[in-house]
Every structure is written in C-alpha cells, then in structure tokens.
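Everything below concerns the one structure shown next.
The values are calculated or read from the model by the stated rules, or taken from the named source; none is laboratory data. If you're wondering where the values come from, they're calculated on a predicted model, not measured in any experiment. Ideal geometry is used to build each Cβ from the backbone, glycine not excepted, and the neighbour counts take in all protein chains shown. Heads up: the accessible areas ignore ligands, DNA and RNA and are worked out on the full protein's heavy atoms, side chains in. Shrake-Rupley method; radii C 1.70, N 1.55, O 1.52, S 1.80 Å.
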Amino acid sequence: MAETTTNHETIRKWAEKKGGKPAAVARTHQGGDVGIVRIMFPNAPHSEHQALTEISWVEFFKEFEQRKLALLYEEDSLFSKIIGRDTAERRH
C-alpha cells in the first residue's frame, strides 16, 4: 500500500536508504530553474536516469515546496511518484 508524505526528513531517509538521490529532469533544469524534480536510483536494475541531473536536497526541497508537491511511495520497494498535494489530498 502506497503512503503519501510531504515531510522532508521522511522523504530523504526513505530515498537514501534505497540509494536514491535528488534529481531534476535534465531538459527542464536550466539556468536558475531547477525544473521538474524526481528521485533517481542510479544503482537500481533497469534505472533510466540518463535524462536526470543530480541536484542537492536543498534545491530539491525548495522546488518541492514552491510547487506544493508530495511523495507517493511504498516503504518496501523503489516505487515512488511525485504528485501535487491537491492530488494527495484526494487520495485520502
């Protein structure tokens, strides 16, 4: 069962425990614009992170808050999806 969170510490701990790193979609990451944020898992089998650029957690969470995002994730897998908080609220 997927869980949803906006807690920065929860997100960072979950991602790092699984080898995840904060990232931005490369084609949207230009100049001072972070662009579309993701969590990448470069060591995961079948990882397709070539289109992603690693960024700092500070950059990630600044964009995460500005865009009012939430993380939908499964504790025991690599499944994660960044969604709007309005979408997260409708899931409850």
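Mind counting the residues in the stretch 1-12 that are within 19 Å of residue 62 (Cβ to Cβ) and charged (D, E, K, R)?
2
Are any residues in the stretch 55-80 charged (D, E, K, R) and open to solvent by less than 20 Å² (accessible area, probe 1.4 Å), and if so, which ones?
Once the filter is applied, which keeps residues that are charged (D, E, K, R) and open to solvent by less than 20 Å² (accessible area, probe 1.4 Å), the stretch 55-80 yields only 63.
If a residue has to be exposed (fewer than 11 other Cβ atoms within 10 Å of the Cβ) and assigned to a strand (DSSP E or B) to count, how many in the stretch 81-92 make the cut?
Residues flagged as exposed (fewer than 11 other Cβ atoms within 10 Å of the Cβ) and assigned to a strand (DSSP E or B) within the stretch 81-92 amount to 0.
Between a first residue in the stretch 65-92 that is free of Cβ contacts under 8 Å to residues at least 60 places away in the same chain and a second residue that is assigned to a helix (DSSP H, G or I) and basic (Lys, Arg), which pairs have beta carbons less than 6 Å apart while being 6 or more apart in sequence or on different chains?
68/85
Can you give me the number of residues within the stretch 1-55 that are among the charged types (D, E, K, R) and free of Cβ contacts under 8 Å to residues at least 40 places away in the same chain?
9
Provide a single number: the residues in the stretch 10-54 that are open to solvent by 30 Å² or more (accessible area, probe 1.4 Å) and touching a Leu at 6+ places or on another chain (Cβ under 7 Å).
Counting residues in the stretch 10-54 that are open to solvent by 30 Å² or more (accessible area, probe 1.4 Å) and touching a Leu at 6+ places or on another chain (Cβ under 7 Å) gives 3.
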